[in-house]
Each structure stands twice: as C-alpha cells, then as structure tokens.
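The values are calculated or read from the model by the stated rules, or taken from the named source; none is laboratory data. It should be emphasised that the depicted structure is a prediction, and the values quoted were computed from it without experimental measurement. As a convention, Cβ positions derive from the backbone with ideal geometry for all residues, glycine included, and neighbour counts pool all protein chains shown.
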Amino acid sequence: MKLSFVVKSLAGAAAMVAMAGPALAAAQSTPSPVTLKGDVMLEKTVTENGVSKVQLVEPKVVIPGDHLLFTTRYHNDGAQAVTNFVVTNPLPSAVALASDGAQGTEVSVDGGKTWGQLGSLKVAGTEGTPRAATAADVTHVRWIIPSIAPGASGEVQYHGIVR
Amino acid sequence: MNTYLTHLSRAAGIAGCSLVALSLTAPLAGTAHATGVLAGTLIENTATATYQTGSTTGSVTSNKVTVKVDELLDVAVATLSTAPATATSEPAVLIYSVTNSGNGPEAFNLTADPKISGNGFDGTIKSVVLDSNGNGIYDPGVDTVLTAGALATPVLGPDKSTKVFLLVDLPAGAADAQTSQVRLTATAQTGNGTPGTSFAGKGEGGGDAVVGLTTAAANSLAALIASLANISLTKSASILDPFGTAKPVPGAVVTYSLAAKVTGSGSLDGLHVVDTIPNGTTYVPGSLKLDAAALTDGADGDAGVGGASGIDVTLGKIAGGTTKTVVFSVKIN
C-alpha cells in the first residue's frame, strides 16, 4: 500500500513539473499560441429495451476490457493561424487501440518511427514472417491538422481498450 | 506489491523498445496475464503537438490524464484427478486446482460439499489440505492441513494457482465399488456476486474491486470410488480310516481344508488362518499345507506353525478375488 502511494505521488509531481515547464517558457520566450487539454471517459454500453447504446461516464471504476475514450482538445489562442499542427499521442502501455479506435488517421506500430493507416502496416510475426498489424499492435496515434485559424478550436479522439 | 512493481517496469520496457523487441514482447504481454493488466496499474495519457506559426515552429504538451485500473475478482477451479480416487480404510485423496484469474492478489475461501445428487454414498470430509510443496502429491506431515473456520487458499497473485487436496473418508454404509462426488468451491475473500458488483476501496492499490464474469466463485467436482474387501472362511473335512474307507474310527485320519476367500475390489491385510486341534484327536506332524505347498511345523521362515495347540498360517495382505487354502490333518485317538 505504502509503495503504491509513493509511485502515485511521484507521478503527480512529474505531471506538475510538465505543466509548469511550458508555462514558464511561455512567460520568458516564445508563448505557445495553442493549448492542449486531455480528457478520458469510460464508454459504458447500456442496453435498454433491447437497444444497446454507449454512454460516456467518468472513469471511476476501470477494469481490463473496459473501453476508454481519450480526447485531446486544442485551441488556438494566438492572433495568427497555426499550420502543420500534428498531435501525437503515445498509447499507454496498458491500453490497446480499439479495432476502429482511430479511424481515418495515422498510427504507428514501431514506437513512432514510421506512420501509416493501420491496414498498410506490418509487424514481425512468429518465425520472423511479417504479418498485418492489428489495432493491438499500435503504439502511437497521430492527427495532422493543416491549419487552425486564430480563435478556432477542435478535438481529436481515440478509443482504447484496457488490456 | 513486488508483482505490481515488476509489471510496471516491464510495461515501461514495452513502451520504449524497438520493432523487433516489440514483436517478441507483445505476444508475451498478451499471454502473461490472462485477465489483463494488473490491478493498481496507472493508465497515463499525454498528447503532444508540433506546429508552425508563420516561420517559427513550436510544440505543446497536454496535461496528463490518469486512470487507475481496478481489481477484477475472478477464480477458476478444476479437478486434477482423471480417474476416481480410491477410498479404502484410508481416505480418498481428491486433487483440485484453484486459480486466481483476476488481475490482483486475492485469497479464496474454500468449501467442500460431499452431498452431491446421484452419489452412491456421501463421503465425510476428513481434511482440506494445501499442496504446500507444490508437487501435486499429498504428502502427510508436509502439506498444510487447514483448520476448520480458516479454510482458504493463501493470497494468490494474478494467474497464480494452488493445488488443494480433499481427504474424504468412506461412511459406514458404503459398499464396494460405489462411487461418489465431492464439490470444491472457491470464493474470493473480497467478495463475490453478480458480474459487475463492485466493492469500493477493496481493490489492490486502494481502487475498487469488481466482480468479473466468473462471479468470483467457482467449483469443480471430483470423484471417489469405494474399494472394500470381505473375507469368508469355509471349512471342510475328509476322513480316511485304516481300512481305506471313510469311517471316523480310532486311527482314522481327518484332513481339514480351510478356504479363505477374499472378495471385492480392495484387499485385506494382516490375515491369519487359525484353528485348534479337536478334542480326542492328535495333530499329524508335517501335515500343514498352504495352497498345496507343505509348511514346516516349527515357528521358522515359512508362513505356518502346527502342533498340539493348533495351527496358525499367516496370509498377510490378500487382494480381492483370491482364495487361500490351508490344509492340515489330525488322527482320531
């Protein structure tokens, strides 16, 4: 119990440092015109009158097999357009991309070295023979947004499954 | 706690490794934990973005969102005995395995039920024993006998299992070759119930504990068979008088035959055939035989002793379906 607490509080400290860093940098030199805000929700399938629908709830209780929706919202606070905006999201090791978890966007199965649509990627299979990559092989997801107008905002999302 | 830290370091290894290493470790990660990531694991997600504004480039990092994985309560029980265990005057030893199929460390309460519909007899649970040395064989005096009121496995790590022995005695009325079943049930100590039931704060690492698809309770049946033996002793006599006929006159020799017949699937141990010399007769020295083989009268290396005080032939352990015949003669005075 005690060790667990230590691990948790360390992680918390790291998060604080990471958040303080850009803020300090912004005050001193190049202010970031864009803000990123992450969020996670639990996708709960509820069946009512024989019809299944997915509800998004706070992830209070999360167990292996649960579906999570990770959202990153961006907002251009600057006076200029932001271009070539590329959001990269490494998947937490305990999360596998859902089979249709990042439709239409690029993924990586090699730790972010190479990118492509999931259907075009291969990984080394058993006996060294390459096989088609599956959603569970994905290590990173990225979204490319050509331009964000001043004051504009949007969000990118991927669906994950707790391994 | 050790398991938890080990897992974290391994998970970190997967995240940072190269393509080749990834293909080697990823399948392992899938099979190492049948039920997924360990309870207490933190899922931390951070996104970064790179961009251009005019001719300058920049990057920005999101806040980190963290979700803790809660404990899933699941268990599996299986019977390891492939054939019914034999119960004689010694109890039958039934072997089960109890596996923690959840994702956190958990102990399981054990209950043994010998009253199963269709039983030829209902056995009596003599003891519940943990396979302390993990060799799959009941070792009296070595394996831990659980005390009533504390029938439970030790805390098992995720995907870890322990073997449990049930020692089952035959009841008084059991007949040879009758069979019976005994059910062992294992229930998560944190709690069980309908899948999805959660126990707030009871999970590993301070999270919740959630009942999985197994309902956090499982059971399995193992069979035993009664192996008993009975003995019947049949005595017959034949007479040969000095005139070559069969009249019981003085000088006539009476030859007794004692047939010890053991029946049943079991065996009997420590058997002796003992008889006395009838009044008015005298033992014929050297007439003692076991299954037609002569035995000396003295108390020596062979199985028999014969003399004026009677005969005593040691049969030892005899399996069911065997008949041993002792023959001796007396002369009418």
Test for A:SER153: is it without any contact (Cβ under 8 Å) to a residue 60 or more places away in the chain, surrounded by fewer than 21 Cβ atoms within 10 Å (Cβ to Cβ) and away from chain B (no Cβ under 12 Å): no
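So which residues in the stretch B:65-87 are within 14 Å of another protein chain (Cβ to nearest Cβ) and assigned to a strand (DSSP E or B)? If you could, list the steps in order and put the result at the bottom.
Restricting attention to the stretch B:65-87, the residues satisfying the condition of being within 14 Å of another protein chain (Cβ to nearest Cβ) are B:65-74.
Listed by number, the residues that qualify are B:VAL65, B:THR66, B:VAL67, B:LYS68, B:GLU71, B:LEU72, B:LEU73.
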Being more than 40 Å from the chain's Cα centre (by Cα), over 14 Å from B:TYR256 (Cβ atoms) and among the β-branched types (Val, Ile, Thr) narrows B:THR314, B:THR322, B:THR296 down to just B:THR296
Of (1) modelled with pLDDT under 95; (2) surrounded by 12 or more Cβ atoms within 10 Å (Cβ to Cβ); (3) facing another protein chain (nearest Cβ under 10 Å), A:VAL87 satisfies every one except (1)
Expected single match for within 30 Å of B:LEU42 (Cβ to Cβ) and touching a Pro at 6+ places or on another chain (Cβ under 7 Å) among B:THR215, B:THR190 is B:THR215
When the stretch B:43-64 is checked residue by residue, the ones that are among the small types (Gly, Ala, Ser) and either outside any strand (DSSP E or B) or within 7 Å of another protein chain (Cβ to nearest Cβ) (or both) are B:ALA47, B:ALA49, B:GLY54, B:SER55, B:GLY58, B:SER62
State whether the residues of the stretch B:304-320 include one that is under 30 Å from B:VAL182 (Cα atoms), hydrophobic (A, V, I, L, M, F, W, C) and either in contact with an Asp or Glu (Cβ under 9 Å, 6 or more places away or on another chain) or without any contact (Cβ under 8 Å) to a residue 60 or more places away in the chain (or both). yes
Taking the stretch B:263-284 and keeping residues outside any loop (DSSP other than H, G, I, E, B) and in contact with a Leu (Cβ under 7 Å, 6 or more places away or on another chain) leaves B:GLY264, B:LEU271, B:HIS272, B:VAL273, B:ASP275
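Can you find even one residue in the stretch B:235-249 that is farther than 30 Å from B:ALA83 by Cβ and touching a residue at least 60 places away in the same chain (Cβ under 8 Å)?
Kept after step one, since they are farther than 30 Å from B:ALA83 by Cβ, are these residues of the stretch B:235-249: B:235-249.
Checking which are touching a residue at least 60 places away in the same chain (Cβ under 8 Å) leaves us with B:248-249.
Checking the stretch B:235-249: at least one residue is farther than 30 Å from B:ALA83 by Cβ and touching a residue at least 60 places away in the same chain (Cβ under 8 Å).
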Every listed condition ((1) in a strand (DSSP E or B); (2) at the interface with chain B (Cβ under 7 Å from one of its Cβ atoms); (3) among the hydrophobic types (A, V, I, L, M, F, W, C)) holds for A:LEU69 save (2)
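Just to check your reading of the model, which residue among A:VAL82, A:VAL57, A:VAL61 is more than 7 Å from every other protein chain (Cβ to nearest Cβ) and β-branched (Val, Ile, Thr)? Walk me through how you get there before you give the answer.
Values: A:VAL82 fails: more than 7 Å from every other protein chain (Cβ to nearest Cβ); A:VAL61 fails: more than 7 Å from every other protein chain (Cβ to nearest Cβ).
None of the others qualify; the one that does is A:VAL57.
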Only one of (1) of a type outside the set (Asp, Glu); (2) in contact (Cβ under 8 Å) with a residue 60 or more places away in the chain; (3) within 30 Å of B:LEU73 (Cα to Cα) does not apply to B:ALA200, and that is (2)
Within the stretch B:70-101, the residues that are in contact with an Asp or Glu (Cβ under 9 Å, 6 or more places away or on another chain) and within 30 Å of A:GLN157 (Cα to Cα) are B:ASP70, B:GLU71
